[in-house]
1. Taking the criterion of being under 45 Å from the mean Cα position of the chain (by Cα), touching a residue at least 24 places away in the same chain (Cβ under 8 Å) and crowded, with 16+ Cβ neighbours inside 10 Å, would at least one residue in region 302-310 satisfy it?
2. Give the residue, chosen from Val2, Val15, Val52, Val23, that is at pLDDT 95 or above and farther than 30 Å from Tyr165 by Cα.
3. Of all residues being within 20 Å of Gly226 (Cα to Cα) and among the hydroxyl-bearing types (Ser, Thr, Tyr) in region 125-166, which is modelled with the lowest pLDDT? Just the residue, please.
4. Could you tell me which residue of region 199-224 is farthest from Ser180 (Cα to Cα), considering only residues that are under 22 Å from the mean Cα position of the chain (by Cα) and of a type in the set (D, E, K, R)?
5. Just checking, which of Ala222, Ala294 is under 30 Å from Thr105 (Cα atoms) and modelled with pLDDT of 95 or more?
6. Taking the options Ser215, Ser230, Ser180, name whichever one is surrounded by fewer than 20 Cβ atoms within 10 Å (Cβ to Cβ), within 30 Å of Ile265 (Cβ to Cβ) and out of contact with any helix residue (DSSP H, G or I) (no Cβ under 9 Å at 6 or more places or on another chain).
7. Answer yes or no as to whether Pro119 is surrounded by 14 or more Cβ atoms within 10 Å (Cβ to Cβ) and touching a residue at least 40 places away in the same chain (Cβ under 8 Å).
8. Among the listed residues Thr182, Thr162, which satisfies the condition of being within 22 Å of Pro102 (Cα to Cα), within 14 Å of the chain's Cα centre (by Cα) and polar (S, T, N, Q)?
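The values are calculated or read from the model by the stated rules, or taken from the named source; none is laboratory data. Given the structure is predicted, the values throughout are model-derived calculations rather than measurements. Cβ atoms come from the backbone with ideal geometry, glycine included; neighbour counts cover every protein chain shown.
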Amino acid sequence: MVDNAGYGSASPQQVTMTATATVPGVAFSPSPVPAFPSTVAGRTSATQTVTVTNSGAAPLTISSVAVGGANFKNFQITAQTCTAGSPIAPSGTCTITAAFRPTSTGARNGALVLSGNLPTPNHGYVIAVSGTGLPPANLRSVHVAAGCDSSRVSWLLPPRGTAGYVRAWIVRNHGHLPTSPTDGAVYFDTSPGTLANGPLQHFTRYYYRVYAEYSFAHGVAAFSAGTPLSMHTGWVCSPRNGGQTPSTRPTIAYLGYRYAVGYAIVVYHGSHKLYVGFGRSTAIRINRRLSAHAAYSIRLYAYTRTRPKGFLLGTSSFTVT
């Protein structure tokens with residue numbers, strides 16, 4: 001400031017001036033936002049509403065409200081009044097309503113991201129949200145049948161149109177029950193609802209876990225908890241132990257015993273002995289008609305020169321469809 005005043009003071013002269021800036025602020029409640037209820041992947045939780053308050057002394061303008069964070073695809077804004085209600089006067093409020101729709105299992109973390117005239121870096125504000133995704137439904141009627149060097153895993157396909165279903169995901173482990181979709185060798189169906197798995201080692205236990213794979217977001221897989229199975233390869237090759245055959249006069253095939261001079265099979269229905277067959281090869285056809293939709297068990301015997309009365313090699317069971 002310049003003047004022409006005298007009185008012994010030279011121009012220009014300095015005058016100190018002060019001012020207080022007013023800015024908007026943000027507060028929200030509840031704080032922190034409670035975790036959403038644990039929700040099955042692919043389903044949508046109940047909503048939660050967050051109230052945003054202008055805690056500053058100047059009007060607050062919110063230009064956008066979006067979902068962000070590491071797992072942003074797992075959360076969705078269903079309604080909000082913050083952009084339409086801007087500018088928000090000091091102590092005024094707006095609301096954001098959100099839901100949790102997990103695309104996978106485990107802890108999911110996201111954020112409600114506000115943009116506007118906020119006195120923060122990039123003029124934004126972040127409200128953390130979280131939830132836990134639960135496994136989607138397992139496949140139904142999962143079963144394994146064991147032969148001498150192969151297995152057959154079967155299951156019922158989900159109803160047509162089941163949301164997000166991709167395929168069956170079968171994990172096999174030689175040493176222990178698989179604990180995750182990558183804990184072992186991974187296989188997929190060889191025909192709808194079926195995996196024919198082999199060759200397997202003779203007289204060996206194998207463990208399976210059958211998962212249902214889903215996808216509720218592009219590039220993101222979600223797995224069911226998985227159905228555990230255990231089987232042991234045995235002497236009888238077909239019909240597989242625990243399996244099915246459409247034949248009412250099936251041929252029983254089995255591994256050969258090194259010193260055997262002959263074999264016998266005994267077929268039971270419950271405790272009732274139905275049929276006894278003998279042969280020198282590694283297959284004997286049952287020459288008695290078996291009933292459909294019935295379960296049968298087999299005892300396989302071998303005979304050698306040193307053990308002419310025979311001895312039990314193994315047992316098996318099957319169902320005639």
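1. Among the residues of region 302-310, not one is under 45 Å from the mean Cα position of the chain (by Cα), touching a residue at least 24 places away in the same chain (Cβ under 8 Å) and crowded, with 16+ Cβ neighbours inside 10 Å, which makes the answer no.
2. None of the others qualify; the one that does is Val52.
3. Thr162
4. Out of the qualifying residues, it is Glu213.
5. Checking each option against the conditions leaves just Ala222.
6. That would be Ser230, the only listed residue that is surrounded by fewer than 20 Cβ atoms within 10 Å (Cβ to Cβ), within 30 Å of Ile265 (Cβ to Cβ) and out of contact with any helix residue (DSSP H, G or I) (no Cβ under 9 Å at 6 or more places or on another chain).
7. no
8. The conditions single out Thr182.
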